[in-house]
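Student: A single structure is presented below for examination.
The values are calculated or read from the model by the stated rules, or taken from the named source; none is laboratory data. The structure presented is a predicted model; accordingly, all values stated were derived computationally and were not measured. All Cβ positions, glycine included, derive from the backbone under ideal geometry; neighbour counts span all protein chains shown. The protein model used for the area step is the full one, side chains on, heavy atoms only, and it has no ligands, DNA or RNA in it. Shrake-Rupley method; radii C 1.70, N 1.55, O 1.52, S 1.80 Å.
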Amino acid sequence: MPLRLYNTRTRSTQSFVPLRDDGVRIYVCGLTPSAQAHLGHARSFIFFDLLRRYLLHRGYRVTYVQNVTDIDDRSIAAAAETGKRWDEVVAQFYASFKDSMKKLGVRDPDVEPYATRYVPQIIETIASLLERGHAYVAQDGVYYRVASFPSYGELSHRRIEELEAGARVAIDEAKDDPLDFALWKFAKPGEPSWPSPWGSGRPGWHIECSAMSRALLDPEGIGFDIHGGGADLIFPHHENEVAQSEPLMERPPMAQFWVHGGLLLRDGKKMSKSLGNFEPLAQVLDRHDPQAVRLMFLQTGYGKVMNYTEESLLAARSVLERLKASYRAAASARGPGTGGALLARIEAALDDDMNTAVALSALLDAKAREAGVEELYSALDLLGLTPDVAWEQSPIAALPPQFLERVAAELSVGPGIDLDATKPQEVLERLIALRVQARARKDWAESDRLRKALAAGGIEVHDDREGTTWSVVS
RNA sequence: GGCGACGUAGCCAAGUGGUAAGGCAGGGCUCUGCAAAAGCCCCAUUCGGCAGUUCAAAUCUGCCCGUCGCCUCCA
């Protein structure tokens, strides 16, 4: 069965077939690091990470490009506010963003091009547009002439006349038409700038994506497979990209599929940098398990508007615990497995326009654990919820820092263990063994003392019918 | 004003013509030295409202109500 994806441009779900034989090419509009990233960014990039994982899972080679808009009005403004250089501001916010992505299981893009490193390609693109009559030089910059591109509005399904009629398009004296947009902005005194044939300045917001996607994914000018981003980018950003790119192509369209992630609302209201009603992503990830955050997003269709509250975050944590319990059960059961039935269910769900909610329900099915650890692992990994040592609670690498010190502090008299000369994992195993013995002889005082000591070291002990297990307290 | 999305149990959410997935919360049972968890079971005669099409509708059509988004920086 083919993967079916919703295409914004056609407003329909279509079968995905790569344009070229040598793999799938994806361009996703990345971050403008002029402020802290928020959960809405996380939702979007988690989805495109998932799409990429699934294409790889299906055996495609995938080239995934995600740009970094490192120069724009806001990074200049942020620099002015903080007294730092604009590129320092960008570096700082981007590093924090990358750190959050890593925690969320979002893998690094294959290429992360910075706008300012592609200025020659950008200038070349603008020059071509000028040559072909799609652009003009004005007093304060170079502008794209929207009227020169007849299919303008096709992606976002807007008509030029309607846009013209909209009272909210700012009137700018320098432009020939209110709909025209900047390709190149001449620098005002003190602003960072790059030389160009028309005057020193900086790229307009949209042009970098046209120049960089062409340079990195489509040198032939026949388009690439998937262009992604948040739904708020459909207009004007992606519409403008199309207008810039397609007149210069051998064979439009720019992208076979335009895939957009639904926006995330916080307590019923849109989050955005300009509204400022968001909590920084890094802060959310300090309070909540990043895997629970990822899981929360998997419960809702990627393209839908989604509202989140503190409660939904907490509910996701419970779901994660269930998954872990299921995984543990599978790990200890060593059953024959179901021979791929679980993965097949998940693949079928993802084939249906990446229906993660249904995929997840397969994983939460009581029968899921019968699939066996290996298949369960693959399924979880496919969704980016890769089980780590803490899921299995056996291996040792997950022992909290200062485990030994804390246990030693609690256990003032060592019960036949040399805490100083022993590895943490050996101490742990030893203490667990001692406690099992204590329980066997119904020495509840000793048993509880050991439980308490282990708890101090960050280890929670569970006794059940099968015996004693432990887990790292997160 | 133009364009669009959504409205399914207390909450989140899948399903888009064939008779309501899944999760959270809640309730019951089993297990249990403690502590904690786990397992099993129950939990919408009904899908914002009203008409209509159909043998059959949460799913299609029309109208109405409500919430949100885009049209300006935005993932």
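Student: Looking only at residues that are surrounded by fewer than 24 Cβ atoms within 10 Å (Cβ to Cβ) and of a type in the set (Gly, Ala, Ser) in the stretch A:214-228, which one is nearest to A:Thr8 (Cα to Cα)?
Tutor: Looking at the filtered set, the residue picked out is A:Gly223.
Student: Which condition number does A:Pro203 fail, the rest of (1) within 16 Å of RNA strand B (Cβ to nearest atom); (2) farther than 15 Å from A:Glu124 by Cα being met?
Tutor: Going through (1) within 16 Å of RNA strand B (Cβ to nearest atom); (2) farther than 15 Å from A:Glu124 by Cα one by one, A:Pro203 breaks only (2).
Student: If you don't mind, another one. If you check every pair at least six apart or on different chains, which have Cβ atoms under 8 Å apart with a residue in the stretch A:64-90 that is of a type in the set (Gly, Ala, Ser) first and a residue that is open to solvent by 10 Å² or more (accessible area, probe 1.4 Å) and part of a helix (DSSP H, G or I) second?
Tutor: Cβ pairs passing all conditions: A:Ser75/A:Trp86; A:Ala78/A:Trp86; A:Ala79/A:Trp86; A:Ala79/A:Glu88.
Student: While we're looking at this one, here's another question. Which residues, taken from the stretch A:238-257, are touching a His at 6+ places or on another chain (Cβ under 6 Å) and surrounded by fewer than 24 Cβ atoms within 10 Å (Cβ to Cβ)? Break it down into steps so the answer makes sense when it comes.
Tutor: Taking the stretch A:238-257 first, the residues touching a His at 6+ places or on another chain (Cβ under 6 Å) are A:240-241, A:247, A:255.
Answer for the stretch A:238-257, where residues must be touching a His at 6+ places or on another chain (Cβ under 6 Å) and surrounded by fewer than 24 Cβ atoms within 10 Å (Cβ to Cβ): just A:Pro247.
Student: Checking A:Val284 against (1) within 14 Å of A:His41 (Cα to Cα); (2) near RNA strand B (Cβ under 9 Å from one of its atoms); (3) modelled with pLDDT under 95, which single condition isn't satisfied?
Tutor: A:Val284 satisfies all of (1) within 14 Å of A:His41 (Cα to Cα); (2) near RNA strand B (Cβ under 9 Å from one of its atoms); (3) modelled with pLDDT under 95 except (2).
Student: Take A:Arg43 and tell me if it is near RNA strand B (Cβ under 8 Å from one of its atoms) and under 23 Å from A:Glu154 (Cα atoms).
Tutor: no
Student: If you check A:Gly190 against the conditions, is it closer than 24 Å to A:Trp86 by Cα, more than 15 Å from RNA strand B (Cβ to nearest atom) and surrounded by fewer than 16 Cβ atoms within 10 Å (Cβ to Cβ)?
Tutor: yes
Student: Something else now. Scan A:Ala231, A:Ala243 and give me the residue that is more than 10 Å from RNA strand B (Cβ to nearest atom) and not polar (S, T, N, Q). Even if it seems obvious, please write down each step before you answer.
Tutor: On the way: A:Ala231 fails: more than 10 Å from RNA strand B (Cβ to nearest atom).
Criteria check complete, one pass: A:Ala243.
Student: Grab the strands (runs of 3 or more DSSP E) fully contained in the stretch A:175-240, keeping just those with 1 or more residues being farther than 22 Å from A:Ser156 by Cα and of a type outside the set (Gly, Ala, Ser).
Tutor: By residue number, A:181-186, A:201-203.
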